Amino acid sequence: MKFLIVWLLVAVTVTVTVVTAVNVTYDHRALVIDGKRRVLVSGSIHYPRSTPDMWAGLIQKSKDGGLDVIETYVFWNLHEPVRGQYDFEGRKDLVHFVKLVADAGLYVHLRIGPYVCAEWNYGGFPLWLHFIPGIELRTDNEPFKAEMKRFTAKIVSMMKDEKLYASQGGPIILSQIENEYGNIDSSYGPAAKSYIKWAASMATSLDTGVPWVMCQQRDAPDPLIDTCNGFYCDGYKPNAENKPTMWTENWTGWFLSFGGAVPYRPVEDIAFAVARFYQRGGTFQNYYMYHGGTNFGRTTGGPFIATSYDYDAPLDEYGAPRQPKWGHLKDLHNAIKLCEDALVATDPTTISLGQNLEASVYKTSSTCAAFLANVDTKNDKNVNFNGNSYHLPAWSVSILSDCKNVVFNTAKINSMATIKRFVAASVDDLSDSKAISSEWSYVSEPVGISSNDAFNRPGLVEQINTTADQSDYLWYSISTNIKGNEPFLHDGFQTTLHVKSLGHVLHLFVNGQLEGSAIGNAGNPAFTKDVSVVLKPGKNTVDLLSLTVGLQNYGAFFDKKGAGITGPVELDGLKNGSNFDLSSQQWTYQIGLKGESQGLNTGGSSLWVSGSPKSQPLTWYKTGFDAPTGDSPIAIDFTGMGKGEAWVNGQSIGRYWPTYIAPTGGCSACSYKGPYSSNKCLKNCGKPSQKLYHVPRSWLKPSGNVLVLFEEIGGDPTQISFTTQELESLCAQVSESHPLPMEAWSRDNPTRKSKSTPKPRVLLECPHPNQVISSIKFASFGTPQGKCGSFSHGYCRSPNALSILQKVCIGSRRCNIEVSSAAFGDPCIGVVKSLAVEASCA
Ligand code: GAL
């Protein structure tokens, strides 16, 4: 008997682990997986932008949100920092990430690139590529192609060794080579064409058994599929009849730059764009990003891309669902999936229902789904379709999974919303202080040259060619002898130091004193800076600290965009009326900081002295701390500091720069109606672009943690504080006119499950499993106004709403209530009413 049980267990284990190879092909309608056309919803999660302990949760929340596919780029410079030396550990463990996606039962789209753009340093290319003799990047150039092929083949063979392609029973159903080359290929002349042909055949020759795509590449050679990227991709037609319409980047928001305001994209518009895409024949759509995450270390592209890569994505930087974005898109995915059989069975038939009104119908003898669109940017419309009347809000699409019942409208949000805030964290031993610590030690970074590796050159050098990006920092130092008879010496010793730089940031020191700083911006990193300085007779030192803030990642020849002080550097106002040009003199250079070479970022070394001097440029600070209690995501509020980089237990949480303030204009109210663009909807104008910086919990121990800061311009570390992300409110506002909740519909029977006529419902759920709804802050059934956090009653309201909600919800993690006069009594007969609720969890 015992033997039998053991045998059965073995048999069960064997059956469970057997993986079957899946054939992935395509035709003009869709990707075909195991002989079946599929309608797929995909989302981007870049594995190094979160920590491995977050991955499974992010993937699960993606699955819960209705995704079928997780897309990621592969980041070459992360995996091969030194030519021939590979690194796939920790956050770089691509295989582990792909396997976690497989464990969740989702597919993977592996965008190898290996040029990826992605707001990633140098577009993902390792800097050493640039130094290979004779190399030209992203064109028909032998040295480049050899390296690109080697890395691509390396990744493919790693995936094959782990049996991760669908053709081997793994999750990878799709792969990408290159990235949006079509946007810039004209700059590369005829060699661009041969390069793209080569890239396609190189990729195909790697024999992955799954299709390859090229995005934004109209001439993608067969069998590669050309795909669309953009805020909207309806109407895109691939370059051959037998290829499906695919959308590889639907930007869910936009990236943040230091010096810029925070972009966001309303979910009604995203849902509209997605519904339009599936309406007009698309079958694969990917959210870029579904989780944006964090640009840890010096991984951001640039210049000036911020450390947060939140992207206004459905999962926020810290991995929590951003509501109602996540929930509304989940409802949309369910609605689209209800239509899948019809969508894959046939091409749509499109008919006009009037100006700006369009119906698309997918109909066969056994199934029917329809999409009704109102693309008018202002006016709601009523339309007649198949003998029924439908109300279509402006800039919206209704999905009719049986060609009759509206299961979803992109502008009608049933999902709950949440308000989250970062609040001062409780740190056990600091009950009455918000500061991280009162006990700091510091090391002053020397101004100018301090390293034995410093070297002299005549004239000014370009920065990236000099540092090879080993550090953000490059010192340009010179001493100059000022004779007593120079005119500016008689003039109160005043002169102007004039410096021209390609960017990105410059700190000017004269005789050891910080005399000024200059910063470029994302659009134009170059600048000219004039500072008034006082010299002394005799020897004067000019130390210019030039720094990069993320290397260029986009554009033709982005790899050749230089940085640093290329001149002129002049002292103005000499006796003969001309300027004293220092540019072509002998300069001394130092790559990186002394503290970097001493490993101060880890907190080690005996150089630290106790104290926290304020407003001192070029200072390293260190403190120990206990982890904030609880399990909410942690961020450091850097208010009080200037600009620099921060390390927690030796790991860089990224560059911080709370003093780079967004312009005051540009944040006016933004409507989801009408075409979106990356600067249409902005918030945080006039405020620091980023003051909160993610500290992954997995990097912390309960106590004895070390925080190190390197501050460039001067700050006060005793002001910075830990904050944790906490839920302030749960809200919902659902109208009687909204579609029924998705649970009311089933795929086998796209019409309603239940015979009775159910009503729309409000569903509230505390995100944390240990919390329950603790109070109802607001409830109104009638004509409530406002939005989550500022609801107010309208002219008509049921007197019972608050007490009914309290009774149904308080004490439960989730509650669910019908939006109807039957539930609340009818406060205004004949008026379409809605229920608005704001609650809190504890
Ligand atoms: C695309 C690019 C992505 C990313 C995006 C903007 O052009 O393919 O990698 O850079 O723009 O977030």
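Miscellaneous remarks
- Across region 759-841, Cα-Cα pairs farther apart than 17 Å form 43% of the total.
- Summarising the strand pairing of the chain, around 80 percent of its internal DSSP beta bridges are antiparallel.
- Extension gain, Val609 to Asn242, is 125.2 nm, computed as 0.36 nm per intervening residue step minus the present C-alpha separation.
- For region 439-460 versus region 279-305, the gap between their alpha-carbon centres in whole angstrom: 37 Å
- Distance from region 128-188 to region 14-72 (C-alpha centre basis), Å: 21 Å
- In the chain, the calculated helix contribution to ellipticity at 222 nm averages -5000 deg cm²/dmol per residue, counting -39,500 (n - 2.57) for every DSSP H run with n ≥ 4.
- Too-long pairs where the Cα-Cα distance tops 24 Å, listed order kept, from Lys673/Lys759; Lys61/Lys92; Lys61/Lys643; Lys61/Lys237: Lys673/Lys759; Lys61/Lys643; Lys61/Lys237
- Tally of Lys pairs whose C-alpha atoms are under 19 Å apart, taken over region 455-592, 8 or more apart or cross-chain: 8
- Check: the chain dipole with +1 on Lys, Arg Cβ and -1 on Asp, Glu Cβ, in debye: 1840 debye
- Proximal lysines relative to Lys680, as straight alpha-carbon distance under 17 Å, when same-chain residues fewer than 8 apart are discounted: Lys378
- Taking every DSSP bridge with both residues inside region 276-413, close to 95 percent are antiparallel.
- Lys536 accessible area, assembled protein chains, probe 1.4 Å, Å²: 100 Å²
- P(r) weight above 22 Å for region 455-592, C-alpha pairs, percent: 36 percent
- Low-density loop cleavage sites - trypsin sites (Lys or Arg not before Pro) in region 47-152, where at most 12 other Cβ are within 10 Å (DSSP): Arg83
- Stretchable slack from Val82 to Glu162, in nm (0.36 nm times residue separation minus alpha-carbon distance): 26.4 nm
- Distance from region 603-634 to region 327-357 (C-alpha centre basis), Å: 54 Å
- Cys residues of the chain that find no other Cys beta carbon under 4.7 Å: Cys117, Cys215, Cys339.
- Whole-Å semi-axes of region 535-669's equivalent ellipsoid (Cα gyration tensor): 36, 24, 18
- Heavy-atom SASA rank of Ser671, Ser821, Ser50 (probe 1.4 Å, accessible area, largest first): Ser671, Ser821, Ser50
- Under the criterion of Cα pairs below 8 Å and six or more residues apart, the relative contact order for the chain equals 12 percent.
- Per-residue accessible area (protein heavy atoms, 1.4 Å probe) orders Tyr656, Tyr236 as Tyr236, Tyr656, starting from the largest.
- Coordinate range along principal axes, alpha carbons of region 37-88, Å, largest first: 40, 29, 11
- Taken over the chain, the percentage of Cα pairs per 20 Å bin, counting from 0 up to the bin with the maximum distance, is 14, 42, 33, 10, 1, 0.
- Dipole of region 323-451 [Lys/Arg +1, Asp/Glu -1 at C-beta], most positive-end residue of Ala417, Trp326, Pro348: Pro348
- Residue-level accessible surface for Ser186, protein heavy atoms, 1.4 Å, Å²: 100 Å²
The values are calculated or read from the model by the stated rules, or taken from the named source; none is laboratory data. The structure displayed is predicted, hence computed values, not measured ones. When we count neighbours, we look across all protein chains shown, and the Cβ atoms used for this are built from the backbone with ideal geometry, even at glycine. When the accessible area is computed, the model is the full protein with side chains, heavy atoms only, and any ligands, DNA or RNA have been set aside. Shrake-Rupley method; radii C 1.70, N 1.55, O 1.52, S 1.80 Å.
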